[in-house]
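Below: the structure, in structure tokens.
Where a number appears in this text, it was derived from the coordinates with a stated rule and is not lab data. What you are looking at is a predicted structure, and each value in this text was computed from that prediction instead of being measured. We place every Cβ from the backbone using ideal geometry, glycine too, and count neighbours over all the protein chains shown.
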Amino acid sequence: MGTGAVPGMGTGGTPTGNTGGAPPVGGGGISGTGGTTTEGKMEVTCSINVLRSEPSTNIATVGIVEFGTDLQGVDSAVVQFGPTENYIYEAPVDLTEPNYRTLLLGMTQNATYHYRIAVFAGNNVCFSADQTIQTGNLPNGGPSNLTSQPGPSTAPVAEGFIVTTTGLQGSWVYIVNHEGQLVWAYSVGQGGFGFTGITRARMSWDGKHMWARDLNVSGTNGQGTIYKIAMDGSTSETFRLSTSHHDFTVTKDNGVAYLAKEGSTGTNSPCDAIRKIDANGEQNTLVYDLWNALSSFDYQSQLSELCHANAIQYSESEDSFTVSELYRDVIIKVSASGQLDWVIGGSHGDFTGDVSWNAQHGHHLIGPDRLLFFNNNSNGQASRAIELQLNLSAMTAQQTFNYASGNTHTGQLGDVQRLPNGNTLVTFSIVGKIDEVDPNGQLIRSFSTNAFGYTNFRPTLYGPPVR
């Protein structure tokens, strides 16, 4: 038995007691999410036998570790890993998995990583010896021309990962770290504008799978596909969801809520609806018919569709969905139980004040009274990120943040997200540009490639998303 308590893990999974340790990053740590740490634990001796240690044959940047131990009363475990023995990442172990099978996520290509296993029993912790694992190449044909440029702001970047796609120009889903390095990539099939451009990817609520979807831009009957891929690429499933299109968001039961024409009414043609499937792609249910909120609004009557919903988000704190509808320049908030909360923008919105804009897609309900959205500006002027402060008593809205990247314009897609450190991620999808800006709207860094889909930042690749 050791002579003292073991130092705790840092907020990003870095052992704070390691001399010369690297600063913590948010990639693999589980601190702050209810995960185990070594803080206050007593080190004991046990046997930990590594039974498997290799990269996935499907996605070679994903490590697979299996082990056994003779420690009695194991109630939790983690695999600590990183480029050195400082172990800057931490993967939680699912004790129900055979041989405690655990994936190491967030590693770069063709690199050697160190890891050790920590098993816990009450107040005791036992560590394995240091081990190494070698990653390989990701498949050819994936994103290969991603570049990163610093901006004038010296504010710290948000450390973590960006989950995105090749958008309307391809079939790839991928993840890059905060340094712009590729750490995960998977192709779901043919890509391109129309039915099969891959617009959105999100990890499941438990972090064990990647969901992705095609565009199906107008919700064509008989079209619309959502994909589900194991994070090691070992399994993939395809769900055909007729009239589904554009976007989806993950739900706490590890399923998804998505946009579709099916389930909606309207005059002469259907509007759009929020629908939901479970983790198995089953129990397809209607959450809310958007026509109930939009029937009184003026819209662009010359267009062929009655409605054009294009982005959906779930807010855990509000237990609600928000949906962007393009033709009426509105964002709609609906409770998870299917009750309309409010509509902002358009000809008959519930708010007054700064509520007039032209076209929008991605958005982020930061809190009950703060809404961030991507304003496309369909008239060709610069696209921008706009934040509104909402007064829910007076039902007024005031603009508090506005960021544009020169004259950069993207007519389709586009996304925004407020990051945990207060920065804002702004995605100009069609032109292939992602800007991270500080709270004052100054550019910190910019990623560039051919095109992006929607984007989603995660401080860690384990557990639920951060809202």
Computed label-point distance, nm, for sites THR57 and GLU85 using a 7 Å Cα→Cβ extension: 3.4 nm
Order by neighbour count: LEU286, LEU259, fewest other Cβ atoms within 10 Å first, most last. LEU286, LEU259
Give me the distance in nm between label points sitting 7 Å out from Cα along the Cα-to-Cβ direction at SER144 and THR45, one decimal. 5.3 nm
Kindly state, to the nearest 0.05, the FRET efficiency for GLN300 paired with GLN181, given R0 = 41 Å and r defined as their beta-carbon distance. 0.45
Efficiency of FRET from Cβ geometry, THR396 and SER337, R₀ 22 Å, rounded to 0.05: 0.25
May I ask you to list the lysines whose Cα is less than 16 Å away from that of LYS261, ignoring any residue fewer than eight positions away on the same chain? LYS276
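With charges set only on the Cβ (+1 for Lys and Arg, -1 for Asp and Glu), what does the dipole of the chain come to about its Cα centre, in debye to the nearest 20?
580 debye
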Proxy reagent accessibility, fewest Cβ within 10 Å first, across GLU436, GLU318: GLU318, GLU436
May I ask you to list the aspartates and glutamates whose Cα is less than 17 Å away from that of LYS41, ignoring any residue fewer than eight positions away on the same chain? ASP75, GLU90
